[in-house]
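Asker: First, the structure itself, so that you have it in front of you.
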Amino acid sequence: EAVGLGSMGRGKFVAQRKSGNRGKPPPSILIGAKTEPNYFLGFKRANRISSLTIEIVGLGKNTKRLVEDAISLKEELQPERCWCVFDRDSFLDEHVNTACQQARENGCEVAISNECFELWYLLHFDYLDAALSRQQYPDMLSARLGHGYKKNSETMYEELAERTAHAIRNATKLLNRYAQHNPAKNNPSTTVHQLIQELLAASR
């Protein structure tokens, strides 16, 4: 039976537990996210992952709190895999790097975007390696979508789904530009594609 739990704070959590005894259960995946929960809800709908329960809870404070909440939820649910999803935002470099280190030391992978999750959306259309401010992304996305971009749109996954493979290639190429990935410094960069690849594998 799938169980979705959230924590206090701004974190949004995706939790998946093994289901019943009918055949081989899918891998259990926990995602603690501060950004674009509707994108992951759209992923669930489109890929028909009935065992994936998504529950959005509260508004939080910072990446450190998100990671701490994700670790606590991981200890409670004991999933096979755990991911923390967040943006570089305007946090101090040391806070971003500390959050990433804390997550990994506690068995959580990190899907982080510098500057923001919208970079992942833009990579569905174009390869982008120019540093931008987060304020520039909405207009660029509106031009490519053919309509005004709405943050946390309920239809974004569906609008971009057929371009997912293209986005993964672009994101991989972008990350490979950096000899050593430093999410606090590397603008632009994202590791969201690594999570998407894992989710796609789990949905098969």
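Asker: Among all the aspartates and glutamates, which ones have a C-alpha under 20 Å from Lys185's C-alpha, if same-chain residues fewer than 8 places away are not counted?
Answerer: Straight-line reach from Lys185, under 20 Å: Asp87, Asp89, Asp93, Glu94, Glu109, Glu115, Glu118, Asp129.
Asker: While we're on this one: What does the charge dipole of the range 63-204 about its Cα centre add up to, to the nearest 20 debye, if the Cβ of each Lys and Arg holds +1 and the Cβ of each Asp and Glu holds -1?
Answerer: 360 debye
Asker: Let me ask something additional. Rg over Rh of the range 88-132, using C-alpha atoms and the Kirkwood radius, what does it come to?
Answerer: 1.05
Asker: So, one more: Let me check the size of the range 65-204 from its C-alpha atoms; what are the radius of gyration and Dmax in Å?
Answerer: 15.2, 43
Asker: Give the distance, in whole Å, between the Cα centre of the range 60-131 and the Cα centre of the range 141-174.
Answerer: Each part's Cα centre sits 19 Å from the other's.
Asker: Where does each of 131-141, 71-81, 182-192 land if you order them by average Cβ count within 10 Å, highest first?
Answerer: In descending order of packing, they fall as 182-192, 71-81, 131-141.
Asker: Can you tell me, using C-alpha contacts under 8 Å and at least 6 residues apart, the relative contact order of the range 118-204 as a whole percent?
Answerer: Values: 75 pairs, mean separation 34.4, N = 87.
The normalised contact order for the range 118-204 reaches 40 percent.
Each value in this text was obtained by applying a stated rule to the coordinates, not by laboratory testing. In this text the structure is predicted, and so the values were computed from the model without any measurement. Neighbour counts are summed over all protein chains in view; Cβ atoms, including those assigned to glycine, are modelled from backbone coordinates with ideal geometry.
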